[in-house]
1. Which one is farthest from the chain's Cα centre (by Cα), of the residues in the stretch 121-132 that are open to solvent by 10 Å² or more (accessible area, probe 1.4 Å) and free of Cβ contacts under 8 Å to residues at least 60 places away in the same chain?
2. List the number of the failed condition for P102; all other conditions in (1) assigned to a helix (DSSP H, G or I); (2) at pLDDT 90 or above hold.
3. Please work out which residue is farthest from K200 (Cα to Cα), limiting yourself to the stretch 151-177 and to residues that are touching a helix residue (DSSP H, G or I) at 6+ places or on another chain (Cβ under 6 Å) and open to solvent by 70 Å² or more (accessible area, probe 1.4 Å).
4. Check the stretch 39-51 and report whether any residue there is modelled with pLDDT of 85 or more, part of a loop (DSSP other than H, G, I, E, B) and touching a Leu at 6+ places or on another chain (Cβ under 9 Å).
5. Restricting attention to the stretch 142-171, which residues are touching a Leu at 6+ places or on another chain (Cβ under 7 Å), more than 26 Å from W128 (Cβ to Cβ) and assigned to a helix (DSSP H, G or I)?
6. May I ask you to list pairs of residues, at least six apart or on different chains, whose Cβ atoms are under 9 Å apart, with the first in the stretch 100-120 being under 17 Å from R83 (Cα atoms) and open to solvent by less than 100 Å² (accessible area, probe 1.4 Å) and the second being modelled with pLDDT of 90 or more and hydrophobic (A, V, I, L, M, F, W, C)?
Amino acid sequence: HLSKNIHEFRYKYSNFKFYLIKLNPIAYYDDMNLKINYKDLNSGAEPCGTYRHHVLDYIPSNFAIFLCKKLNTNVLLTILLSRFFNVVLSVLIGYFALKIMPKFKNLLFLIMTFANTYQSCIGINQDWINTPTCFLFIAYIFNLIFKKELVKIKDYIILILIGTVIAFSKTVYTPIILFVLMIDNKKFEKTKIKHAFINKILLIITVALITF
């Protein structure tokens, strides 16, 4: 549960009517410097659009809020620190994706510099992990296709884990997991291993769609 003044702040600045109101800089500054009363919790607040998403998507921002709670910071610093934690982890995941990408590094980097990518990675939502994780999954698939000779058990486990994160952080991106079909059968020691791999991927997608 969030404090009541956080809910009031969120409602005020996310409401469409707010954009029709002209605030002077002093009023805006006062709102941003509002101290958060963590003891006054609003347990009856209506859930926002992200209430269906998994709690793991919000671990970095929750940790930032926990720090701000201990430091008794204002609204502005709490929001900025939450965004900072998310964007740092997004950049690290993106860097690793670029590092293992065997081809088309420039194209991947170009997509990472899109304004929409920045917006996703800096948000306090599930997009900060979903977007760079999709890049990582695609990069890993390309690495297996163009660089590695055989798909090992380690690769099998890593792709399953990354695919699970994608499926449960934002279900609409689950078709990206089907990129595993691009891997040549010769990369697997046995054909039935690839079939088992694909079955696991399809199971993840099915569970994600059912639980959405």
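1. Among those that are open to solvent by 10 Å² or more (accessible area, probe 1.4 Å) and free of Cβ contacts under 8 Å to residues at least 60 places away in the same chain, it is I122.
2. (1)
3. My answer is Y173.
4. From the stretch 39-51, those modelled with pLDDT of 85 or more are none; that's our starting set.
Taking every residue of the stretch 39-51 in turn, none turns out to be modelled with pLDDT of 85 or more, part of a loop (DSSP other than H, G, I, E, B) and touching a Leu at 6+ places or on another chain (Cβ under 9 Å).
5. So in the stretch 142-171, the residues touching a Leu at 6+ places or on another chain (Cβ under 7 Å) come out as 151, 155, 162, 171.
Filter once more, so that each one left must be more than 26 Å from W128 (Cβ to Cβ): 151.
Answer for the stretch 142-171, where residues must be touching a Leu at 6+ places or on another chain (Cβ under 7 Å), more than 26 Å from W128 (Cβ to Cβ) and assigned to a helix (DSSP H, G or I): there is none.
6. If the second residue must be modelled with pLDDT of 90 or more and hydrophobic (A, V, I, L, M, F, W, C), the pairs left are T117/I111; T117/F135.
The values are calculated or read from the model by the stated rules, or taken from the named source; none is laboratory data. In this text, all values refer to a predicted model and were calculated from it rather than measured experimentally. When we count neighbours, we look across all protein chains shown, and the Cβ atoms used for this are built from the backbone with ideal geometry, even at glycine. Remember, those area values only see protein heavy atoms, side chains included, never the ligands or the DNA or RNA. Shrake-Rupley method; radii C 1.70, N 1.55, O 1.52, S 1.80 Å.
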